[in-house]
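The values are calculated or read from the model by the stated rules, or taken from the named source; none is laboratory data. Everything numeric here is computed off the predicted structure, so don't read it as measured data. Neighbour counts are summed over all protein chains in view; Cβ atoms, including those assigned to glycine, are modelled from backbone coordinates with ideal geometry. Please note that ligands, DNA and RNA were not included when accessible areas were found on the heavy atoms of the full protein model with its side chains. Shrake-Rupley method; radii C 1.70, N 1.55, O 1.52, S 1.80 Å.
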Amino acid sequence: YSFPDETSKTMVFFGSNDGMLHAVLDITVDTEGNETNHGTEHWAFIPPDQLHRLRLMVEGAGHHYYVDSTPRVFFWDVNGDGLVDSNDGDRVILVCGQRKGGTSYFALDITDPSYPEYLWRAANYRDDLAGSIELTDVNGTWQDGDYADHFPDDIPVVGGYDAYVRVNGAPVGN
C-alpha cells in the first residue's frame with residue numbers, strides 16, 4: 001500500500017487451517033522514510049461459516065481443512081496514480097475461497113488495511129442467514145494467473161481444491 005501522505009505499508013495475507021484468514025504486517029514506512037519491519041499478525045478473520053467448525057480442532061479426530069485457499073487482492077485505482085486513496089474512490093478488495101475447507105467465497109474491503117470490512121459471502125447454503133450475492137456472467141474457473149489475461153477488469157475467483165467435475169470418480173472437465 002502506498003498512501004497520498006507518502007507513507008506505505010506492506011501486508012501479507014494468507015488462509016490457514018486454523019480457520020482464519022491472516023493479515024501480517026510486513027513493513028511500514030513513515031513520512032520521514034523510516035522503515036519498520038514487523039512480521040507480526042495485524043489481524044485475523046474467521047469466515048462466518050467456519051465458526052461452528054472451529055471446535056473440531058479440539059474435539060475432532062484427524063486433520064480438518066478450513067481456509068486453505070490463496071486470497072486474491074483486487075486494487076480499484078480510480079485515477080491510476082498507484083496510491084490507495086479512499087477520498088478518490090479507490091478500493092482494495094480481498095476475495096478468498098476455502099478450497100477443501102468449505103464451499104463458499106468471501107470478500108473483505110481492505111482499503112484501510114488496519115480496519116478490514118466484511119463485504120459478502122457467496123455460498124450454496126444458508127445464505128438466508130449470512131447474506132448472499134448473485135453470481136452472474138461467470139466465465140468459468142481459471143488457474144492462478146491465467147484469469148487476468150482474459151478478464152483484466154474482473155475480480156478473479158479461481159478453482160478450489162479440485163475444479164474438475166467428476167463422474168464416478170473420473171474427471172470429465174471443469
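Values for this structure:
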quantity: Test: residue in region 28-41 that is of a type in the set (G, A, S) and surrounded by 14 or more Cβ atoms within 10 Å (Cβ to Cβ); calculated: no
quantity: Hits in region 42-62 (condition: open to solvent by 40 Å² or more (accessible area, probe 1.4 Å) and touching a Lys or Arg at 6+ places or on another chain (Cβ under 8 Å)); calculated: P48
quantity: Exclusive hit being closer than 20 Å to S8 by Cα and touching a residue at least 12 places away in the same chain (Cβ under 8 Å), set V95, V78, V67; calculated: V78
quantity: Positions within region 81-102 being assigned to a strand (DSSP E or B) and in contact with a Gly (Cβ under 7 Å, 6 or more places away or on another chain), in sequence order; calculated: C96, G97
quantity: Residue count for region 3-17, restricted to those that are open to solvent by less than 50 Å² (accessible area, probe 1.4 Å) and within 20 Å of the chain's Cα centre (by Cα); calculated: 5
quantity: Scope region 10-33; condition part of a loop (DSSP other than H, G, I, E, B) and within 17 Å of H52 (Cα to Cα); matching residues; calculated: S16, N17, D18, G19, M20
quantity: Region 90-113: number of residues that are surrounded by fewer than 18 Cβ atoms within 10 Å (Cβ to Cβ) and over 15 Å from Y1 (Cα atoms); calculated: 2
